[in-house]
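Here's the structure we're looking at; comments come further down.
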Amino acid sequence: MRVHVVSDVHGNSRDLRTAGDGADALICLGDLVLFLDYADHSRGIFPDLFGVENAHRIVELRTARRFQEAREFGNRLWDGMDREAAIESAVRRQYAELFAAFPTPTYATYGNVDIPRLWPEYARPGTTVLDGGRAEIGGLVFGFVGGGLRTPMRTPYEIDDEVYAAKIAALGEVDVLCTHIPPDTPELCYDTVARRFERGSAALLDAIRATRPKYALFGHVHQPLARRMRIGATECVNVGHFASTGTPWTLEW
């Protein structure tokens, strides 16, 4: 069996169309939407609406962890606009293109920038959406938990720690544990370009230690200090580089 795994697609529908080539299945760990590209400030919903210079400014504020100033700056830009309607319209355009690029079969879960309530409208037959659920692929059991934890960024799909922990616990023992965010270890949570720690899950780390899956796969941190490391018997792998590389990570057994 050969499975290709991607995460943090962020609008890269061109490479997504071929991400499943040569594989028996594709797994996507979320963040399909591109709101703002921190590497190229001309790409995404935000610069489409407000221009590149304003994108430069909000990235500068967020990177400096001046989140309150960033929110105030953003609120001034949105003043007089229907923010929710504008974002949803742009997200729908991206989802229509991205979901059409998924091969059959695809197993997908949400990222923190995704809008789960819209997915049923775009997920076609052959795409299985899981969040707190399990799937058997080629004799191995895969468990999926999507979304992120609460942060000052206030992205669309952030949930409380205890809710996230309950979803992880409900999976039980699996062979491959698939999440959007990493376990809470410094090496896997630090983004070397954004120069900050992203939020990882302590409950996920505890589950890895307790249930010892063969693999823990995740994304979310785009330029991590470590792309992979072992935690006990588990190989932990960050696959969250798809937007920039267009290359899926391969799991074979």
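The values are calculated or read from the model by the stated rules, or taken from the named source; none is laboratory data. Keep in mind that this is a model prediction, so the values were computed, not measured. FYI the Cβ positions are ideal-geometry reconstructions off the backbone, even for glycines, and counts take in every protein chain you see. The accessibility values were calculated without ligands, DNA or RNA, using every heavy atom of the protein model including side chains. Shrake-Rupley method; radii C 1.70, N 1.55, O 1.52, S 1.80 Å.
The apolar share of the surface of the stretch 163-225, taken as the fraction of accessible area on carbon and sulfur atoms (1.4 Å probe, ligands and nucleic acids excluded), comes to 52 percent.
With the simple spin-label model, which puts each label point 7 Å out from Cα in the Cβ direction, the Asp40 to Arg195 separation comes to 2.4 nm.
Which value, in debye to the nearest 20, describes the size of the charge dipole of the stretch 1-119 about its Cα centre when Lys and Arg Cβ atoms bear +1, Asp and Glu Cβ atoms bear -1, and nothing else is charged?
Approximately 120 debye in magnitude.
The calculated FRET efficiency for the pair Ala226 and Arg93, based on their C-beta separation and a Förster distance of 30 Å, comes to about 0.25. About its Cα centre, the dipole of the chain is roughly 300 debye, where the only charges are +1 on Lys and Arg Cβ and -1 on Asp and Glu Cβ.
Counting only protein heavy atoms and a 1.4 Å probe, the chain has 44 square angstrom of accessible area per residue. Considering only Pro186, Pro152, Pro47, the mean-square fluctuation computed in a Gaussian network model of the chain, springs between alpha carbons under 10 angstrom, is largest for Pro152. Charged side chains reduced to their Cβ positions (Lys and Arg at +1, Asp and Glu at -1) give the stretch 80-223 a dipole of some 180 debye around its Cα centre. Normalising the average separation of contacting C-alpha pairs (under 8 angstrom, six or more residues apart) by the number of residues puts the relative contact order of the chain at 22 percent. The Glu187 and Ile115 beta-carbon pair, evaluated with R₀ = 30 Å, returns a calculated FRET efficiency of approximately 0.45. Label-to-label distance for Glu60 and Asp160 is 3.9 nm, based on points extended 7 Å past Cα in the beta-carbon direction. Give the residues of the stretch 1-42 whose amide nitrogen is closer than 13 Å to a point set 7 Å from the Cα of Arg124 in the direction of its Cβ. Zone members listed by number: 17-18.
Using a Gaussian network model of the chain whose springs link C-alpha atoms within less than 10 Å, name the residue from Ile45, Ile137, Ile208 with the highest mean-square fluctuation. Fluctuation is largest for Ile137. Carbon-plus-sulfur accessible fraction, the stretch 37-81 (probe radius 1.4 Å, protein heavy atoms only): 45%. Only one of the values [x] 0.93; [y] 1.06; [z] 0.95 was calculated from this structure for Rg/Rh (Cα atoms, Kirkwood Rh); name its label. Looking at Rg/Rh (Cα atoms, Kirkwood Rh) for this model, the match is [z].
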